[in-house]
Amino acid sequence: MRDPGALIRARKLTKSFGNFTAVDGIDFELTRRGEAFGFLGPNGAGKSSTMRMIGCVSPPSGGELTILGLDPVTDGPRIRARLGVVPQEDTLDLELTVQENLLIYGRYFGLPRDVIRERTARLLDFVQLSDRAGDEVEPLSGGMKRRLTIARSLINEPEILLLDEPTTGLDPQARHVVWDRLFRLKQQGVTLVLTTHYMDEAEQLCDRLVVMDRGKIAAEGSPRQLIEQYSTPEVLELRFDPADHEQAAGKVGDAGAQRTEVLADRILLYVRNGDEALAAVRGLGLEPQTSLVRRSTLEDVFLRLTGRRLED
Amino acid sequence: MAVTSSTGTSSTGTTSGTATTGTGTAGLAAERDRAGQAGPWEMALRQFRHWLVNYRRTWRGSAYSSFLNPVLYLGSIGLGLGTLVNKHGTAQLGGVSYLAFLAPGLLAATGMQTAIGESTYPVLGSVKWRHTYVAAVSSPLRPRDLLHGHLLFTTLRLAMNCVAFMVVMAVFGAIKSPWAVLALPAAVLTGLAFAAPIEAWAISLTKDSPFAYLFRFGLIPLFLFSGTFFPVSQLPVWAQPVAYATPLWHGVALCRSLTLGQIPVLESLGHTAYLIALALAGLYAGHRTYRRRLYV
């Protein structure tokens, strides 16, 4: 039965391409307007395929998917009229001006010219591109193009905004501008659904997220819940002389950490108190070249759940 | 609005940079209904306007060549070569001057060339390089609306080029009958008989090299051997059925009968039906290929 209250509801949702299963029977549900919901996972985890199914441009291979109470296969146009989409790669028309891009896109939604003109002014203001309105898109920077794509996705005042890797390829400054704008949208009640392989992005933006790996959902919760559930308050990162790395890896287990991860270049000790753990390591007669005590992040959660790192 | 610093989520008030508006909830709901539930014609027109906006940037050059090409062809081959041909006697051409024989053939060929130009690179480019189709399917438009919108635009381009061609024809005195007004829709239809199937094929490609084969082994032989420059009866006997089967020959025969005012009714209806059938087959195939390419 379809729940009309849910914004998006997926049950055993599956997407296959030939023999390859990109999305392998995932369940999730969004019910709260203004929530920011994220899919966190490495490249190839099935995030983009999921987003395309939600965007009604990719028919599910199996399972159930309901968006705004409607079926994406039969009601695609009606659903898309209420969605905004920021794709992973910008699909702006580079040969047209900033303004013309919004005009064309607004026309796709059947909006009258005066409505588009009014919204264009406001949206360009919102993404801080008012002074470039009449310029061609081609020479704009990556960050500006992404902001323009966001403005374009808002031309129909969507109820749900889908963002696939919204800041991939942007420099740190440009990423912060995008995050700031997305944060404001959320405050204004727009529901955000985003994918990312950046744990800092997920922590910054998402109220709730699912960790995806190899087409499946490995865990679900708020960033804080996930860290509490799957990691320790602190992490001690140790770096040894490469010659001693292996030997040290064998010994640190006795330092009393809840869990130890041995990476190619570092050893991570998952502990309650990092400084105490460091003292314990030294007590074992080990002297790391460098050591760092930090708080747990979603990267640690991912490592714990999948045994692999996010951004490889 | 104040230009906020790049990281200033908390430093400025929430009043600056508002993305959502005062459009009331009821107004928005009505707007979304209109956006998502429009009929196929309105959906196609939304995409058609996109092509118009694009065309605004390049129309001058294309308008110039749509007049220049017929002047060059009709002047050099129609008049120049035609003088020699006419001296030889024109019984094989149906007793008309070579110019009057050639011009309607080139009119139909203009339809074909315009159609192939519009339905190859612009179509593949929209999905592969410019990504405009990729963006458009995230709106309420469906793949078939994109196909319809582009075919509408192609029809407009066909009409423009064929009108220009017929104006030049008239100036050269190559229009012999008032029935020639029907040669315009005939030439446009000839174009659509090419545009729809080629567009259906073009959207399915992953690279553009097959276009070169289309031009080399499709467009050029058809242009030369479909009765455009000389009657098909001059071809070797074995080649004649091949020429009669090609869509351009039907277009040429139809346009020629209309501008000369020598119209065999049944045959002309047959040509028309053939061209319409080809265009509809392309449309049907395009519904499938557009969907397959854009809904992955």
- Give the residue, chosen from B:Gly27, B:Gly80, that is more than 19 Å from B:Leu152 (Cβ to Cβ), away from chain A (no Cβ under 14 Å) and either modelled with pLDDT under 95 or touching a Pro at 6+ places or on another chain (Cβ under 6 Å) (or both). B:Gly80
- Task: Identify the single condition in (1) within 30 Å of A:Leu185 (Cα to Cα); (2) surrounded by fewer than 20 Cβ atoms within 10 Å (Cβ to Cβ) that A:Leu263 does not satisfy, given that it satisfies every other one.
- Result: (1)
- From the list A:Leu163, A:Leu124, A:Leu148, which residue is modelled with pLDDT of 95 or more and in a strand (DSSP E or B)? A:Leu163
- Task: Among the helices (runs of 4 or more DSSP H) lying completely within the range B:158-256, list those that include at least 3 residues that are touching a Pro at 6+ places or on another chain (Cβ under 7 Å).
- Result: B:183-202
- Looking across the range A:75-94 at residues that are charged (D, E, K, R) and facing chain B (nearest Cβ under 7 Å), the single one that is farthest from A:Gly34 (Cα to Cα) is A:Asp93
- Query: Which one of these is surrounded by 12 or more Cβ atoms within 10 Å (Cβ to Cβ), at pLDDT below 85 and either part of a loop (DSSP other than H, G, I, E, B) or at the interface with another protein chain (Cβ under 9 Å from one of its Cβ atoms) (or both): B:Thr14, B:Thr7?
  - Reply: B:Thr7
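Is it fair to say A:Gly134 is more than 8 Å from chain B (Cβ to nearest Cβ), of a type in the set (Gly, Ala, Ser) and either assigned to a strand (DSSP E or B) or over 15 Å from the mean Cα position of the chain (by Cα) (or both)?
For A:Gly134, the condition - more than 8 Å from chain B (Cβ to nearest Cβ), of a type in the set (Gly, Ala, Ser) and either assigned to a strand (DSSP E or B) or over 15 Å from the mean Cα position of the chain (by Cα) (or both) - is met.
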- Item | Condition broken by B:Glu267, with the remaining ones in (1) closer than 30 Å to B:Leu84 by Cα; (2) in a helix (DSSP H, G or I) satisfied | (1)
- Message: Cβ contacts < 6 Å: first residue closer than 14 Å to A:Ser153 by Cβ, restricted to the range A:167-185; second residue modelled with pLDDT under 90, any location; separation 6+ or different chain. Result?
- Response: A:Leu185/B:Ala19
- Item | Candidates A:Glu220, A:Glu237, A:Glu201 - the one that is over 30 Å from A:Pro158 (Cα atoms), of a type in the set (Asp, Glu) and modelled with pLDDT of 90 or more | A:Glu237
- Quick check: anything in the range B:117-136 touching a strand residue (DSSP E or B) at 6+ places or on another chain (Cβ under 9 Å) and either part of a helix (DSSP H, G or I) or touching a residue at least 40 places away in the same chain (Cβ under 8 Å) (or both)? yes
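The values are calculated or read from the model by the stated rules, or taken from the named source; none is laboratory data. Here the structure is a predicted model, which means the values were calculated and not measured. No Cβ is skipped: glycine too gets one built from the backbone with ideal geometry, and neighbour counts run over all protein chains shown.
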